1. Counting alpha carbon pairs within less than 8 Å and at least 6 residues apart, what relative contact order, in whole percent, applies to region 92-149?
2. Treating the beta-carbon of each Lys and Arg as +1 and of each Asp and Glu as -1, no other charges, what is the dipole magnitude of region 149-213 about its Cα centre, to the nearest 20 debye?
3. Going by amide H atoms built from the backbone, whose H comes under 5 Å of the H on Arg201, apart from near neighbours?
4. At a threshold of 8 angstrom on Cα-Cα distance, excluding pairs fewer than six apart, so keeping six or more, what relative contact order does region 5-65 reach in percent?
5. So for region 3-103, taking the charge dipole from beta-carbon charges (+1 Lys/Arg, -1 Asp/Glu), which of Ala85, Ser38, Leu28 sits furthest toward the positive end?
6. Output ³J(HN,Hα) for region 80-93: one whole-Hz value per residue in order, computed from phi by the Karplus curve 6.51 cos²θ - 1.76 cosθ + 1.60 with θ = phi - 60°, and x for Gly and Pro.
7. Between Gly134, Gly18, Gly88, which gets the highest mean-square fluctuation from a Gaussian network model of the chain, Cα cutoff 10 Å?
8. Give me the one-decimal nm value for the distance between modelled label points at Thr51 and Asp70, 7 Å along each residue's Cα-to-Cβ direction.
Amino acid sequence: MSGANGGGGVVVLLGSPGVGKGTQGVRLGRDLGWAHVSTGDLLRAALTAGTPLGLEARKYMDVGELVPDDVIVDLVREHLAAMSADRGVVFDGFPRTVPQAEALDDVLAGAGREVDRVCLLEAPEEVLVKRISGRRSSPGGRVYNIYFDPPRKDGFCDETDEPLIHRADDHPDTVRTRLAVYQEATAPLIGYYGAKELLARVDGEGDIEQVYASLRAAVGEPATPSRASG
Ligand code: AMP
């Protein structure tokens, strides 16, 4: 793909909530030297900053529904406009609907780019539910899981002893809504990108290292002719 030539590729991480897109996406972006763009992170930052966009988005996020497409597309467009035009990008949690995918194609086309590869991370639903509902994070961003990677003292960070936070949208009822929303609104992207021959399936059930190795292999396989912009 184009990124392998030093220019910036565009990779989309697709998959259900809890499948590990965030963990894997941060690492992939860091290793490739590309931007990791998570719309969930951008929305949470807007929320923490108390911007009108953040407050509007919260209504949807807290109940596990999707923020409207036009809000998300504007957010991504602005974020990309502020970046160097040929920097590689790993998208995480975007696009989440077919209209968002079409808008992404348009935005990229305007810059002479396109999506190079879509990695679909997959894991059984019971694994997803435990991964999400067990997630706890420290204010500093260290993430634990009460089932798979618990802190030494229940509810407190090993490093700072600060109380751990349970994201409002990680509570069990909201998790079920998020999984249903994924099936209804986001899973159609499998067909959308499959038809464009961009899709690579990645087994997301193993440990972080195993999944990362599979993801790297999927990203590295050439999907489209190189279009590095230099
Ligand atoms: P995430 O951290 O990716 O699981 O996103 C958390 C929440 O932010 C989601 O449940 C949605 O409410 C909202 N969100 C994040 N990305 C998008 C998107 N691309 N489209 C719509 N809503 C989104």
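Only the coordinates and a few stated rules stand behind these numbers; no lab work does. What you are looking at is a predicted structure, and each value in this text was computed from that prediction instead of being measured. Counting neighbours? That spans all protein chains shown, and the Cβs are built from the backbone with ideal geometry, glycine included.
1. Relative contact order here is 17 percent.
2. 420
3. Here Leu120 satisfy the definition.
4. In percent, rounded to a whole number, it is 15.
5. Leu28
6. 5, 5, 7, 9, 4, 4, 10, 5, x, 9, 10, 8, 10, x
7. Gly134
8. If labels sit at Thr51 and Asp70, their model points lie 1.8 nm apart.
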